1. Across bins of 10 angstrom width beginning at 0, how are the C-alpha pair distances of the stretch 5-86 distributed, in whole percent?
2. Rounded to a whole number, what is D in µm²/s for the stretch 20-155 from Stokes-Einstein with the Kirkwood radius over alpha-carbon pairs (25 °C, 0.890 mPa s)?
3. Just the Cα atoms of the stretch 110-254, one point each, no solvent: what log10 I(q)/I(0) does Debye give at q = 0.12 Å⁻¹?
4. I need the peptides 196-202, 173-179 ranked by packing, meaning the mean over residues of other C-beta atoms within 10 angstrom, with the highest value on top.
5. Taking the chain as a Gaussian network, Cα atoms linked when under 10 Å apart, which of L127, L51, L60 shows the biggest mean-square fluctuation?
6. Can you find, among W252, T187, A242, the residue farthest towards the positive end of the dipole of the stretch 167-254? Put +1 on the C-beta of Lys and Arg, -1 on that of Asp and Glu.
7. May I ask for the net charge around R179, where only other residues with Cβ less than 15 Å from the Cβ of R179 are counted and Lys, Arg are +1 while Asp, Glu are -1?
8. Given Cβ point charges of +1 (Lys, Arg) and -1 (Asp, Glu) and nothing else, what value in debye, to the nearest 20, does the dipole of the stretch 1-104 about its Cα centre take?
Amino acid sequence: MARDAPLQAERTRRKSQGLPASEDVGILADMLGDLRSAAEEYLGDRIYYALAACPNLVALYREDIEDVFECLSLRSLDNPNNLYRLFREPAGAEASYGFGLCHDPSNVSCCNEEQHEMPVTTVLTILYTRNALCVEISVMKSAYAYYPYSTSPPSMDFNLGSQALHDNPNEEYYWQAVRDRIVAGVTGGLPANRPTKVFLLGDNTRGNTFREVMEDALKGILGYVPDVYDDDPVFSAARGAAEFARRGGYLWSC
């Protein structure tokens, strides 16, 4: 806490002057502000509430997202309890594919009971873009109740995006590194219950070689390939977050 005091004092000073809490918050606020403007123009109405489905970035903290929303005068539909982590992409994907949400959110008591009866499942999420490869394990009770397992090394690797394919002397080296990263991501955070679902995210997950490498890696670790969900790899997390937000987010049952 003592080490963090100067940083918090600087954040407070900037906010008191009408500035974003940090340069990173300013960058995120510009991005989200542009997205908000585009959405409002499309809808023809103002947006006052929002929910951010966040990737598993090591340096992305809850206070950053809260300060971004404050900077834009948006109310977050994330969990108001600061002891909980950010709403993350795996939960968004879970909701997008029809899991983890009750059928009738208008009936709060029945909905809570339905979600209480949902089985606990283990989910593997793989994000693969031009710039990054992220492999993470989450234990899901519902889209409202999930626990992302921390992995070692950290799950987001910016050296194994698809554009790094051309930085290797031989493609085999690159794909072996991708395979090793998937293996490390799964074995480094594997809970007692093994994954039954794989959510693929990112615009490069449909490549044949990637799929072959992924399936081979999972067969080697688990002895099987869990059910793969990749109908909408680019927007599934965002669509799930939108459905979650449409229902009122974490404020719904309050």
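All of the numbers you see were taken from the coordinates with simple rules; none came from a lab. All values derive from a computational prediction rather than experimental measurement. Cβ sites come from the backbone with ideal geometry, for glycine too, and all protein chains shown count toward neighbours.
1. For the stretch 5-86, the pair-distance distribution reads 17, 48, 31, 5, 0.
2. 147
3. -0.53
4. 196-202, 173-179
5. L60
6. Of W252, T187, A242, it is W252.
7. -4
8. 360
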